[in-house]
Structure formats: C-alpha cells, structure tokens
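**Student:** Below you'll find the structure I mean.
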Amino acid sequence: ITVRKGSSKSATAVYQEQGGSPPPSPPPPQKVKLTVQVYRATASGPTTAPANGTRVKVGNTVYTADGSGKVAVEVDKGSTVSVQILDTYYGQKLSVYWRRYTFWKWSDGSASNPRSFTVSQDTTVTAYVYDERLLLVLYDPRYGSDPWGVKALQLPSRYAGYANQMLPWNASFWLRPGESFTLQAVEGGAARFLRWGIATECYPRNPYSVDP
C-alpha cells in the first residue's frame, strides 16, 4: 500500500481459519457376494438335489434357501463371515413335524458348523444336509402289565443302544433316505398282533421291515 503525503488510507487484514473443513470421508467398503449352496444327501452320499427351504444363518441374520437351495448375501470384501446350517423342520401334520434337514458336511469334507469363511471375491460355499423322516412308534392298547409292545430288531447304527430292546410308547427316530429298520410287535397276555398302521396303509406282516 502506498500513502501520499496529506492523504489517509485504511487497510484491513483478512484471516482464514485453518482446518475449518473436515477431511473427506473414506469410500465405503467394497461389497462382494457370498452364496451358500445347500444340497441334499442320502445314506449313500451327496446328491445334487437342492435342499430348498433350509434355514441358513449368515452372521447374525437367518435366511431361507430359495428353490435352488441357495442363499446369496452381500458382505464386505475381505471380511470373515460365520455361516451356520440350521436344523430345519417341515412337513407338519397333526402338530408333528415329520421331516427335517440336518447338517452333514461341507463340500471340502469339513464338519464344522458354524464355520467361518474369509470372502475376498464373489464366493460360493456348498453344504450337504440329510433330509430325514420321523419314525414314531405307537401301539394300542398302550398300557398293560404283560410284556407286550414293540421291539427294535434293527435300526441305523447311531441308534445301536435300542437294538433288540423293547421300545417305549412314543419312541421316535430320525431316518435318512436309504436307511432301513425292522420292528417286531411282541404279543403278551391278551394282546395279540393285528396289523401295522403306516401312514394311511395297513400291513399284517410281523416283523415289519423297510429296506433301502
């Protein structure tokens, strides 16, 4: 500023506060797709039949597998995600669920459930479940002092403790496709075997067997 003799000038200094504007926010994490494919298995091994309706827990959220047996979710790239295949009951009649899906293993042989996966790109993990059927043992008349009832002659190996034993009324067992069992109606006192009632069919043979 130049000031001549006999004149007056005024000067004003203007300041700018440093750091007044916040730094820009970092970009949101990149998303990738995690797909959980669920197939059915039998006593003979895995199949490619989709287990639609299976409940799958990813993180803290429970999803239901679609018609192709898939659950697809977006997760943060590079994140580690927990996946759990939940027991899924269905086919309810007369207040009883007659079928269920239960976890068997992952496609790489791991039996960990839940299991953690680190997802750095679009990824598909595959699980196998058993589509089990309920065997519910009832007999009539239900009560008596004589040693009559139903005896398990043969059941899958995981029920070995029941082999050749009299079964309590309302005993239940979950059977996998391809598994067999043999039951015998034991007569006692005035109780005489009449027939087996299986679903809506009647069978007069005794013992009664189902083979794969």
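**Student:** Excluding P29 itself, what net charge comes from residues whose Cβ is under 13 Å from its Cβ, given Lys and Arg +1 and Asp and Glu -1?
**Tutor:** 0
**Student:** Jot down the per residue volume, in cubic angstrom and as a whole number, of the convex hull over the alpha-carbon atoms of the stretch 77-212. Write out the running numbers ahead of the final one.
**Tutor:** Details: hull volume 19.6 nm³, N = 136.
Measuring per residue, one finds 144 Å³ for the Cα hull of the stretch 77-212.
**Student:** Something else: So what's the stretch 18-151 giving for Cα Rg divided by 2.2 N^0.38 Å, two decimals?
**Tutor:** After normalising by residue count via 2.2 N^0.38 Å, the value is 1.58.
**Student:** Just the number, please: percent antiparallel of the DSSP beta bridges in the stretch 31-174, rounded to the nearest 5.
**Tutor:** The antiparallel fraction comes to roughly 85 percent.
**Student:** Ranked from highest to lowest mean number of other Cβ atoms within 10 Å per residue, what is the order of the peptides 21-31, 94-104?
**Tutor:** 94-104, 21-31
**Student:** Sticking with this one: Once amide H atoms are placed 1.01 Å from N in the peptide plane, what residues at a sequence separation of 5 or more from Q165, or on another chain, have their amide H within under 5 Å of its amide H?
**Tutor:** A152
Rule-based calculations on the coordinates, nothing more; no lab input. Given the structure is predicted, the values throughout are model-derived calculations rather than measurements. Note that we place each Cβ from the backbone using ideal geometry, even for glycine, and neighbour counts take in every protein chain shown.
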